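Just so you know, all these numbers are worked out from the coordinates, no wet-lab data involved. Quick caveat, the model's predicted, so the values are computed rather than measured. Ideal geometry is used to build each Cβ from the backbone, glycine not excepted, and the neighbour counts take in all protein chains shown.
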Amino acid sequence: MKNTFTHALPDESGFFGEYGGSFVPEQLQSIIDEITEAYLKITKDEGFLTELADLYKHYVGRPSPIFHARNLSDKYGPQIYMKREDLNHTGAHKINHCLGEALLAKKMGKKKIIAETGAGQHGVALATAAALVGLECDIYMGEVDIRKEHPNVVRMAILGAKVIPATHGRKTLKEAVDAAFEGYLKDPVTQLYAIGSVVGPHPFPMMVRDFQSIVGNEARQQFQEMTGGLPGNLVACVGGGSNAMGLFDAFLEDEGVKMYGVEPSGRDINKDGEHAATLSKGEPGVMHGFKSYMLKDAEGEPQEVYSVASGLDYPAVGPQHSYLNDIKRVVYEAINDKEAIDAFFELSRVEGIIPAVESSHAVAFALKLAERGEKGSILINLSGRGDKDIDFVVENYGSSYGVSDLL
Ligand SMILES: *Cc1c(COP(=O)(O)O)cnc(C)c1O
């Protein structure tokens, strides 16, 4: 298996080609440098690597299986496989990097890990890791989101995390990011800010990718054992891009493996504010401490973005994805709300797997590839399970699928 912590990119300053880097105030840079240094050190520490591998196996339940979706394959043509990250403890891939970040914080002698959360998925995964590792955990969340995402707020509280409401502005994710940064700068010595995807200033895009690369490393070996070869196509949804980078990483040098990142085109890809298709519609720039493609409004501020999948509505994308887009190693395509919801029901009814609405974007695109006549096998990263989405989906879309009349 490939060594997870050895990569050609990013370079020493955290750049993937022209993207990435660290664009933060000087005061913050010295703190971030400490994180980089600590991270590079622990990745050579056998004790840390053994502890993480042990938790992946006995706590998360890794390796997650690859499932050969024979019913879908028969129906659509190409052989379709799924990497079952939905079967991880806490129900998605996020636990892979949250455990890594929590262990790093512990090794650095931090007392607390903090983060912002939108729908609460990152918050729950981080609160879980904090409970296990023995750290305090503050999760900043917009007041509006706290009301909307009640079950996740309750989960975080049960897990012992403190949910801190962001009460200014629109009281959603953007304000939660502001509040979390403010909270972090008050005490960067005893706290670690645990970013929730392959975004933010260096070293986070590298670090989160490295922790997620277990997904692709396992998948590459499992797929070879199952089929004797490599998959023809990889498909993963892209919000910030961590589950996609996790899968793609191990296959980047396999020229025969085509890769597709799937962004959300929401309600209307041609209307600002109605989608979050960063690579399809955005342009290079700097926000949130790094350079990448991003969606900006007329004032150059992060655009209000939208997707039916709250885990995908981010106005930028991880810098490595921008790089892979420009060198054309990965093709980025978009799937809209309706296509994603169709795929949500299709996978549920044809294979008995209820996917997260985020992951449904990847499933929808895989089926589109099949309909376009793709003959090669397709490996989908099923990033999470759909339990968190069932009430929302049935309430808003159930009538079109014969579900709501029963309720
Ligand atoms: C958060 C989330 C995503 C999006 O995050 P990435 O960093 O783009 O992977 C995708 N799927 C699920 C299930 C999520 O919870």
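The phi-based Karplus calculation (6.51 cos²θ - 1.76 cosθ + 1.60; θ = phi - 60°) puts the 3J(HN,Hα) values of segment 108-121 at 7, x, 6, 9, 9, 10, 10, 6, 9, 9, x, 7, x, 5 Hz, whole numbers, x for Gly and Pro. Bridgeable lysines around Lys171 (alpha carbons under 22 Å apart, same-chain partners fewer than 8 residues away excluded): Lys148, Lys162, Lys186, Lys296, Lys388. The phi torsions of segment 198-213, fed into the Karplus equation with coefficients 6.51, -1.76 and 1.60 and a -60° offset, translate into couplings of 7, 10, x, x, 3, x, 4, x, 6, 5, 5, 4, 4, 5, 7, 5 Hz, rounded to whole numbers, with Gly and Pro shown as x.
Of the peptides 96-107, 302-313, 355-366, the ranking by mean beta-carbon count within 10 Å, highest at the top, reads 355-366, 96-107, 302-313.
Against the compact-protein benchmark of 2.2 N^0.38 Å, the Cα-based radius of gyration of segment 187-291 scales to 1.27. Amide H contacts of Val163: Ile139, each under 5 Å away and 5 or more positions distant or on a separate chain (H built 1.01 Å from N in the peptide plane; Pro and chain starts excluded).
Between Phe344, Phe248, Phe48, the Gaussian network model of the chain with springs among Cα atoms under 10 angstrom shows the greatest mean-square fluctuation at Phe48. Summary value for the chain: 19 percent relative contact order, contacts being C-alpha pairs under 8 angstrom separated by 6+ residues. Entry for the chain at q = 0.12 Å⁻¹: log10 I(q)/I(0) = -0.91, Debye formula applied to identical alpha-carbon scatterers, no solvent contribution. A Cβ-based charge dipole, computed about the Cα centre of the chain with Lys and Arg at +1 and Asp and Glu at -1, lands at about 780 debye. For Phe48, what is the net charge nearby, where nearby means another residue's Cβ is under 10 Å from its Cβ and Lys, Arg count +1, Asp, Glu -1? Its environment carries a net charge of +1. Among Thr117, Thr190, the ranking by other beta carbons within 10 Å of each residue's beta carbon, starting with the fewest, stands as Thr190, Thr117. Among the aspartates and glutamates, select those whose C-alpha is under 14 Å from the C-alpha of Lys375, and discard any that sit fewer than 8 residues away in the same chain. Qualifying aspartates and glutamates at Cα under 14 Å: Asp74. Each residue of segment 68-74 is assigned a 3J(HN,Hα), and the resulting list reads 8, 7, 5, 5, 5, 4, 4 Hz, derived from the Karplus form 6.51 cos²θ - 1.76 cosθ + 1.60 (θ = phi - 60°), x at Gly and Pro. Considering only Pro203, Phe223, Ile380, the residue lying farthest towards the positive end of the dipole of the chain is Phe223, judged by Cα position with unit charges set on Cβ. The GluC sites (Glu not before Pro) found in segment 1-82 that occupy coil by DSSP, while having at most 14 further C-beta atoms within 10 Å, are Glu12, Glu18. Less than 13 Å Cβ to Cβ from Pro63, Lys/Arg counted +1 and Asp/Glu -1: what total charge do the surrounding residues give? Here the charged neighbours net out to +2. In a simple Cβ point-charge model (Lys, Arg +1; Asp, Glu -1; nothing else charged), segment 253-320 has a dipole of about 40 debye relative to its Cα centre. The alpha carbons of segment 1-99 give a radius of gyration and a Dmax of 18.7, 58 Å, in that order. When +1 charges are put on Lys and Arg Cβ atoms and -1 charges on Asp and Glu Cβ atoms, the dipole computed for segment 1-106 relative to its Cα centre reaches about 820 debye. Distant-in-sequence amide contacts of Phe15, defined by a placed amide H-H separation under 5 Å and a gap of 5 or more residues or a different chain, comprise Gly21.
In segment 247-327, Rg over Rh equals 1.00, where Rg is the alpha-carbon radius of gyration and Rh the Kirkwood radius from pairwise Cα distances.
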